[in-house]
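Heads up: the structure comes next, in structure tokens.
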There are 2 protein chains.
Amino acid sequence: MIADLVKKTRSCRRFNENRKITMDSLKQLVDLGRLSASAANRQPLKYILSCAPETNNKIFPCIGWAAYLKDWKGPEKGERPAAYIVLLGDTTISNEFWCDHGISGQSILLGATEMGLGGCFIGAVNKDRLRKELNIAPAFTIMLIIALGEPAEKIIIESTVDTNGNIRYWHDENGTHHVPKRPLDEVILDTYNGS
Amino acid sequence: MIADLVKKTRSCRRFNENRKITMDSLKQLVDLGRLSASAANRQPLKYILSCAPETNNKIFPCIGWAAYLKDWKGPEKGERPAAYIVLLGDTTISNEFWCDHGISGQSILLGATEMGLGGCFIGAVNKDRLRKELNIAPAFTIMLIIALGEPAEKIIIESTVDTNGNIRYWHDENGTHHVPKRPLDEVILDTYNGS
């Protein structure tokens with residue numbers, strides 16, 4: 001059931017770093033992105049895959065982790081991602097990427113959940129540094145990073161947003177990660193129902 | 001298996017219009033979008049849902065169908081979408097929607113496939129007209145439309161792109177829709193594999 005998979009696919013930021021992810025698994029995930037919709041079928045996305053500890057160590061410091069958690073600077077050694085997929089836009093194909101990276105990325109993250117993995121879309125990327133670390137040519141726009149690993153944190157969806165409209169996630173005293181989601185009737189603006 | 005679902009989730013543009021879609025089904029689909037990741041968890045997306053023929057008839061002419069098919073002006077009466085979900089960005093929450101509409105939309109389309117439906121992301125929208133037809137307030141940015149219905153066309157993935165790099169989809173003499181997808185090794189730019 002896709003509903004279960006979507007619910008289980010939380011943005012996860014702490015992992016069991018010892019659980020390795022194979023390159024074959026990463027390729028299977030990228031294949032899900034490849035087969036997803038693309039604006040005008042242009043398919044301008046390209047992917048860099050890393051499950052190598054030394055490359056992971058180059059990617060990790062390029063990431064801004066969980067902006068709302070002021071006392072948490074990101075996952076510690078041992079709980080960092082075991083793999084990364086970097087999504088790029090190939091400007092030799094198009095300068096217009098629309099929301100292709102969202103479409104592809106969601107397929108990838110759902111696939112990761114099905115594999116018993118978890119992950120997180122990361123938009124807060126030091127792109128200059130990442131470009132240098134991975135020798136990414138200027139023709140490729142860095143769209144986002146997907147961090148992947150075996151989840152090592154508990155995440156709970158809070159089905160209400162407080163009266164101030166605060167949507168900031170938080171860690172409780174046990175380290176459980178809470179994520180407020182706006183309720184369904186709040187996100188539905190209008191309905192037109194046939195007779 | 002998510003891989004089967006992703007493969008089956010083709011951009012479908014001809015439907016059995018007589019197969020109605022209930023408002024309850026549309027709400028289930030939006031709930032998948034609601035529970036998907038959102039940049040900084042801001043959740044600025046709002047949704048307008050229509051399964052009412054009279055409203056569908058207002059939305060339909062706002063859509064540009066399949067730009068590459070010059071001899072095909074869009075689905076005929078009887079093969080038009082039975083429902084639409086309009087994705088909006090609520091500027092009172094944020095002016096930055098990142099690729100949230102792609103993330104949410106992919107969850108919605110995968111859910112539709114699981115329901116035996118099909119659909120299509122539509123970015124080619126006459127936004128001024130749609131805004132007028134549905135009385136969409138200026139505070140909401142029109143992001144995209146998802147058209148939905150019971151598929152009434154055969155779609156085949158072509159696993160090669162021709163030597164000219166042509167990614168245009170086409171209809172063959174039987175009306176089957178062919179979609180060239182770039183092969184996996186072409187979209188993977190670099191791999192870093194641990195020893």
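Assorted remarks:
- Given 12 as the ceiling on other Cβ atoms within 10 Å, longest exposed-site-free region of chain A for GluC sites (Glu not before Pro) in DSSP loops: A:77-172
- Within the protein assembly as shown, helix-based [θ] at 222 nm, where runs of 4 or more DSSP H residues each add -39,500 (n - 2.57), nearest 500: -7500 deg cm²/dmol
- Filter on A:Lys46/A:Lys132; B:Lys27/B:Lys132; A:Lys20/A:Lys181 - keep pairs with C-alpha separation over 28 Å: A:Lys20/A:Lys181
- Global form of region B:16-59, assessed from the alpha-carbon gyration tensor, a/c cut-off 1.5: prolate
- Rounded to 5, percent antiparallel among DSSP beta bridges of the protein assembly as shown: 75
- Applying 0.36 nm per residue to the separation of B:Asn174 and B:Asn135 and subtracting their alpha-carbon distance, the gain on full extension is 10.0 nm.
- Longest site-free stretch - chain B; sites: trypsin sites (Lys or Arg not before Pro), DSSP loop, at most 12 other Cβ within 10 Å: B:78-195
- Here is the short version for chain A: A:Cys12, A:Cys51, A:Cys62, A:Cys120 have no other Cys C-beta closer than 4.7 Å.
- Here the simple spin-label model places points 7 Å from the Cα toward Cβ, and for A:Asn166 and A:Ala67 these points are separated by 1.8 nm.
- Pairwise centroid distance, computed over Cα atoms, of region B:41-84 with region A:122-138, Å: 38
- Reachable aspartates and glutamates, given that their alpha-carbon falls under 18 Å from the alpha-carbon of A:Lys73 and they are not under 8 places away in the same chain: A:Glu17, A:Glu153, A:Asp172, A:Glu173
- Distance between modelled label sites at A:Glu158 and B:Glu153, nm, 7 Å Cα→Cβ extension: 4.5
- With Cα atoms as the point set, the radius of gyration and Dmax of region B:99-155 evaluate to 13.2, 39 Å.
- Taking Lys and Arg as +1 and Asp and Glu as -1, the other residues whose beta-carbon sits under 14 Å from that of A:His171 total 0.
- Here the alpha carbons of chain B define both size measures, Rg and Dmax, at 17.7, 61 Å.
- Per the axis that maps chain B onto chain A, nearest residue of B (Cβ criterion) and its distance in Å: B:Gly102, 1
- GNM on chain A, alpha-carbon springs under 10 angstrom: the most fluctuating residue among A:Leu88, A:Leu130, A:Leu35 is A:Leu35.
- Most fluctuating residue given options A:Val86, A:Val125, A:Val161, as computed from a GNM of chain A linking Cα atoms under 10 Å: A:Val161
Values in this text are rule-based calculations from the coordinates and carry no lab data. It should be emphasised that the depicted structure is a prediction, and the values quoted were computed from it without experimental measurement. Cβ: placed from backbone, ideal geometry, glycine included. Neighbour counts: every protein chain shown.
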